[in-house]
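The values are calculated or read from the model by the stated rules, or taken from the named source; none is laboratory data. On a predicted model such as this, the values are computed, not experimentally measured, just so you know. Cβ placement follows ideal geometry from the backbone for every residue including glycine, while neighbour counts extend to all protein chains displayed. Side chains are part of the model used for accessible areas, which takes the heavy atoms of the whole protein and leaves out ligands, DNA and RNA. Shrake-Rupley method; radii C 1.70, N 1.55, O 1.52, S 1.80 Å.
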Amino acid sequence: MKSPRWNPYLVGALIGVLSLLTFSLADKPIGMSTGIAQASGACAMPVIGADGVAANAYWAKKAVPAWDYGSLFVLGSLLGALASAVMSGSFKLESVPKIWRERFGSSVMKRMIAAFIGGVVILFGARLADGCTSGHGISGSLQLAVSSWTFFLVMFASGIVTAFVLFRRNSKA
């Protein structure tokens, strides 16, 4: 647990055990997007009020802000990632990672805008697909759902293409 990089086979096995426990104990699949959508509704409450959030068709149907399995799963994942990073000694605060700085420069604002837009796009896609990478990629694929396998393959393919476009090496050598 003190290594910043874990054995991928061990991690895969542990995710399988976590998924089994989650289905057995909580009767829910592993998933993050509903908890994040609930958090967005909670963040909107001070601006538009609880009645405004309750009147919103999306939040009322899919993600009523509440402290339930979804929001606690998101919080637990955040705290678990933080504990892992601290224990491995890899935790550091940085606003512009080295790989981003080398490719796009050191502008903090540019990095924050790109991160925000990326987050909006991925969350919109997750909600549009009625599940996120963890929901489809882990829980859905474990259940052999064709939609989840399709989602998983398209997600990996588009991620690879995006990485090549954004972080390709300059051909000047």
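Things to note:
- The stretch 1-133: relative contact order as a whole-number percent, Cα under 8 Å and 6+ apart: 29 percent
- In a simple Cβ point-charge model (Lys, Arg +1; Asp, Glu -1; nothing else charged), the chain has a dipole of about 900 debye relative to its Cα centre.
- Loop-located chymotrypsin sites (Phe, Trp or Tyr not before Pro) in the stretch 77-173 whose Cβ has at most 14 other Cβ within 10 Å (DSSP): Phe91
- The ratio of the alpha-carbon radius of gyration of the chain to the globular-protein estimate 2.2 N^0.38 Å is 1.18.
- Cubic angstrom per residue, convex hull over Cα atoms of the stretch 1-65: 125 Å³
- Trypsin sites (Lys or Arg not before Pro) restricted to the stretch 1-104 and DSSP loop, no more than 16 other C-beta within 10 Å: Lys2, Arg5, Lys92
- Extreme residue, positive dipole direction of the stretch 11-160, given options Leu78, Ser147, Trp67 (C-beta unit charges): Leu78
- When the alpha carbon gyration tensor of the stretch 32-131 is reduced to an equivalent ellipsoid, the three semi-axes, largest first, read 29, 19, 13 Å.
- Percent carbon-and-sulfur accessible area, the chain, ignoring ligands, DNA and RNA, probe 1.4 Å: 71 percent
- Derived scalar couplings between HN and Hα for the stretch 116-121 equal 5, 4, x, x, 4, 4 Hz in order, rounded to whole Hz, by the Karplus curve 6.51 cos²θ - 1.76 cosθ + 1.60 (θ = phi - 60°), x for Gly and Pro.
- Surface analysis of the chain yields an accessible area of 71 Å² per residue, using protein heavy atoms and a 1.4 Å probe.
- Residue-wise HN-Hα coupling along the stretch 77-91, computed from phi with Karplus coefficients 6.51, -1.76, 1.60 (Hz; x: Gly, Pro): 5, 4, 5, x, 5, 5, 4, 4, 5, 5, 5, 7, x, 9, 6
- Heavy-atom accessible area order for Val74, Val121, largest first, 1.4 Å probe: Val121, Val74
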